[in-house]
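Here the structure comes first, spelled out in structure tokens, and everything after it is commentary.
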Amino acid sequence: MKARPHVTLEDVARSASVSLATASRVLNGTTSVRTDLRDRVVSAAAELSYAPNAHAQALAGGTHRTVGVICHDVSDPYFAAIANGVMRVADSNGLLVMLAGTFRDPGREVAYVSMLRAQRASAILLIGSAFEDRAWERAMAAELEPYRRGGGQVAAVSRHRGLKMDTVQPDNRGGAAELARALLALGHKRFAVLSGPRRLSTVVDRLDGFTTELADHGVTLREDDVLEAAFTREGGYEAAKRLLTRPRRSLPTCVFAVTDVMAIGALTALREAGVSVPGQISVAGFDDIPVVRDLTPPLTTFALPLEQLGARVMDLALTGSGPRPRTVRLPGKVVLRESTARPRR
């Protein structure tokens, strides 16, 4: 049979009617597979003219068993939880994980990809938000495209517009909209949003989802109701301090921080100012990092399956990519805790 371009391990598994894991074990020489399954996989691979590339062989058991994971901030519990999911899957497949933090510097991120290419890493995982920056997209594409053509595996967590790669996408936009509906249902009509920099796609998606849902229910935010700051605990603290310079009568009844770590900083600022949460102002975050359920009061948030995001993105790299980028969407859920309540009349 004439060879088809871009034949992947998924094609072989589908043709043989076996799982990806079984196809991988057969083609990498594992002996603990039933004879009939082995024969089907070998026959399908021959019929499809499947030939694993060097990077795929490395992931499956060759000499270069390294996965590079690039995130924005290794100290942020959001990234730590996702990286934990990556490492669990990597460990079960005998892979070494190299973790790099970019401090949300787009140039540093491109430089790390270049270094991982030079070191012949088997896969590169981007687990931080993309940048809303065409120059960054062009520079990143210039590094990733030749790497992918050479057989390297690339996958990312979150939306990466303009870059051809497999992605696992948390429900940032839809989750923020769902959280807005829950807060509206409590009776809130005056909101403020503590936003990270709008050059980050995650911030853009969460902010758009939240504000659009409010607008659909007749609640429009003014420009100064969205306070932009660093995407960190300190950023949330500083933004809340700015909010509190307003006269008390013009303060919102509910503050939404687009990430839990910003909400933690906001809670500290409100507590220092003697503002009762949720008695005077309700506070909600996004992500459901482990610590927020132990705060006083526990934080209302939109919960993402953080470790599962990491596990799935590592799975995408292990199974190899085809001619079309794959997208896995993982839902979350609103978790109402004691940091939000009905506003006082």
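Structure values in brief
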{"quantity": "Segment 198-232, residues that are of a type in the set (D, E, K, R), at pLDDT 95 or above and open to solvent by 70 Å² or more (accessible area, probe 1.4 Å)", "calculated": "Asp216, Glu228"}
{"quantity": "Selected residue [of a type in the set (Ser, Thr, Tyr) and open to solvent by 40 Å² or more (accessible area, probe 1.4 Å)] from Thr300, Thr327", "calculated": "Thr327"}
{"quantity": "Lone qualifier among Leu227, Leu207 - being part of a strand (DSSP E or B) and outside the structural domain of Ser129 (by the TED database)", "calculated": "Leu227"}
{"quantity": "Verdict on Ser129 being more than 30 Å from Arg342 (Cα to Cα), hydroxyl-bearing (Ser, Thr, Tyr) and in a loop (DSSP other than H, G, I, E, B)", "calculated": "yes"}
{"quantity": "Contacts under 6 angstrom Cβ, first residue in segment 90-111 being open to solvent by 30 Å² or more (accessible area, probe 1.4 Å), partner among the small types (Gly, Ala, Ser), 6 or more apart", "calculated": "Val97/Ala90; Met98/Gly68"}
{"quantity": "Only one of Ala311, Ala317 that is in the same structural domain as Gly152 (by the TED database), of a type outside the set (Asp, Glu) and open to solvent by less than 10 Å² (accessible area, probe 1.4 Å)", "calculated": "Ala317"}
{"quantity": "Residue among Arg242, Arg246, Arg293 that alone is of a type in the set (Lys, Arg) and assigned to a loop (DSSP other than H, G, I, E, B)", "calculated": "Arg246"}
{"quantity": "Test: residue in segment 111-122 that is basic (Lys, Arg) and closer than 23 Å to Val261 by Cβ", "calculated": "no"}
{"quantity": "When residues of segment 112-126 are limited to those that are touching a Phe, Trp or Tyr at 6+ places or on another chain (Cβ under 8 Å) and either in a loop (DSSP other than H, G, I, E, B) or farther than 18 Å from Leu318 by Cβ (or both), the one most open to solvent (accessible area, probe 1.4 Å)", "calculated": "Arg117"}
{"quantity": "Cβ-Cβ under 6 Å pairs, at least 6 apart or on other chains, segment 16-34 side farther than 11 Å from Ala44 by Cβ and of a type in the set (D, E, K, R), far side in a loop (DSSP other than H, G, I, E, B) and modelled with pLDDT under 80", "calculated": "Arg25/Val33"}
{"quantity": "Matching residues in segment 66-81 - criterion: being of a type in the set (Ser, Thr, Tyr) and free of Cβ contacts under 8 Å to residues at least 40 places away in the same chain", "calculated": "Ser75"}
{"quantity": "Those residues of segment 304-323 which are outside any helix (DSSP H, G or I) and closer than 30 Å to Leu270 by Cβ, in sequence order", "calculated": "Leu304, Pro305"}
{"quantity": "Residue check for Leu295: hydrophobic (A, V, I, L, M, F, W, C), touching a helix residue (DSSP H, G or I) at 6+ places or on another chain (Cβ under 7 Å), open to solvent by 30 Å² or more (accessible area, probe 1.4 Å) and at pLDDT 95 or above", "calculated": "yes"}
{"quantity": "Filter result for the condition that a residue is over 30 Å from Asp91 (Cα atoms), touching a residue at least 24 places away in the same chain (Cβ under 8 Å) and not in a loop (DSSP other than H, G, I, E, B), over Thr340, Thr301", "calculated": "Thr301"}
{"quantity": "Residue in segment 157-190 that is farthest from the chain's Cα centre (by Cα), counting only those that are acidic (Asp, Glu) and surrounded by fewer than 24 Cβ atoms within 10 Å (Cβ to Cβ)", "calculated": "Glu178"}
{"quantity": "Verdict on Thr253 being more than 25 Å from the chain's Cα centre (by Cα) and either under 30 Å from Ala21 (Cβ atoms) or not charged (D, E, K, R) (or both)", "calculated": "yes"}
{"quantity": "Pair list, Cβ under 9 Å, 6 or more apart: segment 142-165 residue in the same structural domain as Asp287 (by the TED database), other residue part of a helix (DSSP H, G or I)", "calculated": "none"}
{"quantity": "Hey, Glu238 open to solvent by 40 Å² or more (accessible area, probe 1.4 Å) and touching a residue at least 12 places away in the same chain (Cβ under 8 Å) or not", "calculated": "yes"}
{"quantity": "Segment 200-220, residues that are of a type in the set (Ser, Thr, Tyr) and in contact with a Ser or Thr (Cβ under 6 Å, 6 or more places away or on another chain)", "calculated": "Ser201, Thr202"}
{"quantity": "Number of the condition not met by Pro146 [criteria: (1) modelled with pLDDT under 90; (2) not in a helix (DSSP H, G or I)]", "calculated": "(2)"}
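The values are calculated or read from the model by the stated rules, or taken from the named source; none is laboratory data. Since the structure is predicted, the reported quantities are computational estimates derived from the model, not experimental observations. Ideal geometry is used to build each Cβ from the backbone, glycine not excepted, and the neighbour counts take in all protein chains shown. Protein only, heavy atoms only, side chains kept; ligands, DNA and RNA dropped before computing areas. Shrake-Rupley method; radii C 1.70, N 1.55, O 1.52, S 1.80 Å.
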